[in-house]
Structure formats: C-alpha cells, structure tokens
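The structure appears below as structure tokens.
Just so it is clear, none of the values below were taken in a lab; they were calculated from the coordinates. On a predicted model such as this, the values are computed, not experimentally measured, just so you know. Using ideal geometry, Cβ is built from the backbone for each residue, glycine included, and neighbour counts are taken over all protein chains shown.
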Amino acid sequence: MERRTLLGRLSWQLGEVVATHPETARAKSITLAPPNWRGHRAGQHVDVRLTAEDGYQAERSYSIASPPEEAPRVTLTVERLDDGEVSPYLTEELRVGDKLELRGPIGGYFVWEARMGGPLLLIAGGSGIVPLMAMLRHRAATGSSVPARLLYSSRTFEEVIYREELERLDEADRMLEVVHTLTRAHPPGWTGYARRINTQMLREVAWPVEQRPLTFICGPTPFVETAAASLVELGYEPGRIKTERFGPTGET
Amino acid sequence: MSEGFISRGFRGRRKPSDESRRLPPGQYLERGFPVLSAGPTPHTPLASWDFSIVGEVDQPRRWSWDEFRTLPRETVAKDIHCVTKWSKFDTHWEGVSLGTLLAQVETSANYVIAFSDGGYTTNLPLEEVLNGQAWIVDTYEGQPLEPQHGGPARLLVPHLYFWKSAKWVRGLRLVDQDEPGFWESLGYNNHGDPWKEERYWGD
C-alpha cells in the first residue's frame, strides 16, 4: 500500500523524439525526452501507444536501451517486424520532432543494478540484446568492476545490434568479455562461434558454476528456453537465472 | 495531458468489428502462443507432483497426480489476455474447477495465494475463483500441457490478465488478509482485470 502511494499511477506522457539512430537494416534507436521521467533501472521497459486520426489506438511494450544515467532521456531500440503494426511506424515513419506517447518504466524483476554484484552473465538472442545493453551501459557509466560476460547470438554479422559499441566496451574493459555467435552466415575470417547456442557453448562461456553468476537471458522463446534449460542442466541455480522472452513457441 | 493527441502518420491496422469487440483495451490478437516466465522452466516428474490446499482451512488437502486425475473434469473454451498486450481467442483447456477442489475444505478465508514450482505466487480474491471462474488445467487443445506453457498443470483464470494463471501450480494457500504475489509486488496491478486495463500499480 505504502509503495503504491509513493509510486502513484504510471501516467501516459508525450515524449519528443530528440534523436534517431539506425542500428542495423531492421533495428533503430529512438531517443525520447519525456517531460516527467521518474528514472528507471537497467532492464525495464515502457509501453508505447499510437493513436490514429479516427482515435484507433495500438499499444506495445519496448525495452529501454539507455542506462539510468542518461535520464531524463530515454532510448528505445525497436526492431522492425515485417508483419508488425507498430514497429514499422516506429522504425520508418517516426522522426525527430515528433511526439510519442509512452508510460513507464515497467517491470521490477528483470533488472540489474551495479550494487547487485555478479559476476554477470548476459545471454542475448537477436533484439533480446536491448535490455542487456542497458545493463552493460549502466555498468560502464557507473565504472563498475563487476566481471561481466555477454554471449550474443545473431543471424548474421550485419544484424548484430550495437556491434561497434560492444567492440569498444569490450576493448576498454578487461573485466568485460563479449562473445558472438552467428547462426546463419558469417564473414570470411570470422573467429567467433558460428552455430546456435547449446550446452557445450555455455559450458565454455558461462562462469564456473561455483562463482554463482547472476544471469539474464533475453530473446525469442525457443532461444531462451534452450539457454535456461542448458544452464540448469550444467548446475547453475534456477533462482539466479532471470529470463525475458518474446514471440510464440516454435518461432525462431 | 495527452488528450486528443494524434500520432502523425499512424494509420494502424483496423480490426474486424467482431474481433475488436472481443479485444480488451490496448490488446492485439495473437495467433501463436507466446511464453512469458521469469526464470527457467521447472520439470517436476508426475510421480513427485502433488496439489495441495493449505492455510486457513479446517483440514489441509493433498492430491497426488493419479488422485487429481480422478476428480470431476470440465472442458473450457476461453479467450486469454496477457498484460504484455497479446490476446488469444478460443483456447481450449481441460481440468478441475477450483469450485470442485475448494468444496473439499471448510474455510472463512477471503483470498487465495496460488503457489508454483520455482517459487512463483499470485493472489486472487476467493470469490473470483469460484462458480466457474478458475480451473487447474492439465490439457491444452487436447494434448497434455507442455512444460513451457505451465505443464503438468497450471491455474487458469481467464477473466484476469494471464499472469494470474500461474504456471506449474502446486497448490493454493487460503488467507484472511490479501498479500501481493510475485508480479503484484513488482509493479503489476493487484487485481488485473483486462477490461478495466488494470495493468500496473495505480491503474
């Protein structure tokens, strides 16, 4: 009761688009300046609502990509779904100066704050990188020395979201390791993994079981299911594995 | 403050009117069956599975899997609504109604806390799970319920957002005082009526 009164209602507000940045051919980052942003934690998401001239509305949820340290600016990274209703608008129509209705932040479980410690094991499939990127950016912004590893599965090299920024973070920080796997195609000379994640790959990349990593997995449902089940099989504590999934079962 | 706002250039995809009448505000129709859970999928063998009713009751009750399967069963066809915005129409389930299960205990409690493998909990008013409003289901579309959708058995409370339909449910705890469950403690609405769009705290 007390917390509810303190936090109050998550009201809709109009955030102006102050920047956009293409990340890949399908993914775009959109930076908003909401007037009443109460701050957020890395891993949280927002609800977005679009309204057409006749009053028709569509709502969706999107993960926040920016760290709390950039508040009151909030950046979302949206991947265009070809049969989508909202993501094509956000990635192709929306531009700087437009306003976008949003409310948030939402979600209090799939979050990481530097004070929660680690070691941190982040496992991303496709655009599942977005909330995990907020965690890595938060970790960098706070100068945290919590050891962190990211295992990031993409279809192709060109579809790796935040590729250059991840490279920079990886090079600048010896407590961070970024490991890629490409599942469909890889460029000549590729030295990373080139297959779907499986138990063997996790055995190689995940921290030793006795270090009890704090694990966040985000991606399509079958990806998350495989990663989480493999970690449990390898002996990691289910209670320290947090998951966030999107899409129906069976979709890849 | 955003009264009258129009998203420049947004046309949207209009839905047929029979579809939109069945969609609560802010929801869209999904033809697949998305999965949402906060952690790894538990896999409890049927031999060690049981379902219990505990808390403020005259006598706690417990059913093994085989005992549970002999209870009177119902088939249910319902639309379901997830707080993450998807709805799915005409889902078919089989299981035992909470009315049937709760008829086997005496209680003066007003609330039910469902508890699951993996530590998940969710809270419900007792009067919203009786009289054909909630079931423990073990069958989906004629097949045993898959682990990632909550099998061997999950709670089904289709008139509330789907996080109330706890996966991997193992029992009910009856309590006099309401207490927020897992998501209800983490920013999600205590009640969760999709038709009132009760998604988050304060909605």
TODO: Using per-residue counts of other Cβ atoms within 10 Å, averaged over each peptide, order B:15-22, A:209-216, A:14-21, A:102-109 from highest down.
DONE: A:102-109, A:209-216, A:14-21, B:15-22
Task: Per-residue [θ]222 nm for chain B (sum of -39500 (n - 2.57) over DSSP H runs n ≥ 4, rounded to 500) - done: -1500 deg cm²/dmol
Task: Extreme residue, positive dipole direction of the protein assembly as shown, given options A:55, A:12, A:130 (C-beta unit charges) - done: A:130
Task: Gap separating the Cα centres of segment A:26-71 and segment A:90-161, nearest whole Å - done: 13
Open item on the list: Can you work out the Karplus-derived ³J(HN,Hα) for every residue in segment A:96-106? Use 6.51 cos²θ - 1.76 cosθ + 1.60 with θ = phi - 60°, whole Hz, and x for glycine or proline.
Closed with: 4, x, 5, 10, 10, 8, 8, 9, x, x, 10
Task: In sequence order, calculated HN-Hα J values of segment B:14-30 (Karplus, 6.51, -1.76, 1.60; Hz; x Gly/Pro) - done: 5, 9, x, 5, 5, 5, 5, 5, 8, 9, x, x, x, 9, 10, 7, 10
Open item on the list: Suppose the Debye formula is applied to equal point scatterers at every Cα of segment A:2-106; what is log10 I(q)/I(0) at q = 0.13, 0.23 Å⁻¹?
Closed with: -0.45, -1.36
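Stokes-Einstein diffusion coefficient for segment B:21-133 at 37 °C in a medium of 0.692 mPa s, Rh from the Kirkwood formula over Cα pairs: what value in µm²/s?
Using the Kirkwood radius from Cα pairs, D works out to 199 µm²/s.
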TODO: Provide the packing ranking of B:154-163, A:189-198, i.e. peptides ordered by the mean count of other C-beta atoms within 10 Å per residue, highest first.
DONE: B:154-163, A:189-198
TODO: Return the whole-Å distance between the Cα centroid of segment A:192-252 and the Cα centroid of segment B:145-166.
DONE: 23
- [ ] Could you work out the mean count of beta carbons from other protein chains within 10 Å of each residue's beta carbon in B:64-73?
- [x] 0
Task: Shielding of B:26-39 by partner chains, average beta-carbon count, 10 Å - done: 6
- [ ] Using the Karplus curve 6.51 cos²θ - 1.76 cosθ + 1.60 with θ = phi - 60°, work out ³J(HN,Hα) for each residue of segment A:202-219 in order, rounded to whole Hz, and write x for Gly and Pro.
- [x] 5, 4, 6, 9, 5, 5, x, 3, 6, 7, 6, x, 8, 10, 10, 10, 9, x
Task: Equivalent ellipsoid dimensions for segment A:112-152 as semi-axes, Å, which come from the Cα gyration tensor, largest first - done: 17, 11, 7
- [ ] Find the centroid of the Cα atoms in segment B:1-49 and in segment B:51-114, then give the distance between the two in whole Å.
- [x] 24
Task: Values of log10 I(q)/I(0), in the order q = 0.14, 0.17 Å⁻¹, for segment A:114-246 under a Debye, Cα-only, solvent-free model - done: -0.57, -0.87
- [ ] Rounding to the nearest 20 debye, state how big the charge dipole of the protein assembly as shown is about its Cα centre with +1 on each Lys and Arg Cβ and -1 on each Asp and Glu Cβ.
- [x] 720
Task: Shielding of B:146-153 by partner chains, average beta-carbon count, 10 Å - done: 1
Task: Within a Gaussian network of chain A (alpha carbon springs, distance under 10 Å), most fluctuating of A:42, A:228, A:65 - done: A:228
TODO: Give me the orientation-averaged projected area of the Cα convex hull of chain B, in nm², one decimal.
DONE: 13.1
Task: Where only C-alpha atoms are counted, convex hull volume of the protein assembly as shown per residue in Å³ - done: 152
TODO: Kindly rank A:30-37, B:53-60 from highest to lowest mean number of other beta carbons found within 10 Å of each residue.
DONE: A:30-37, B:53-60
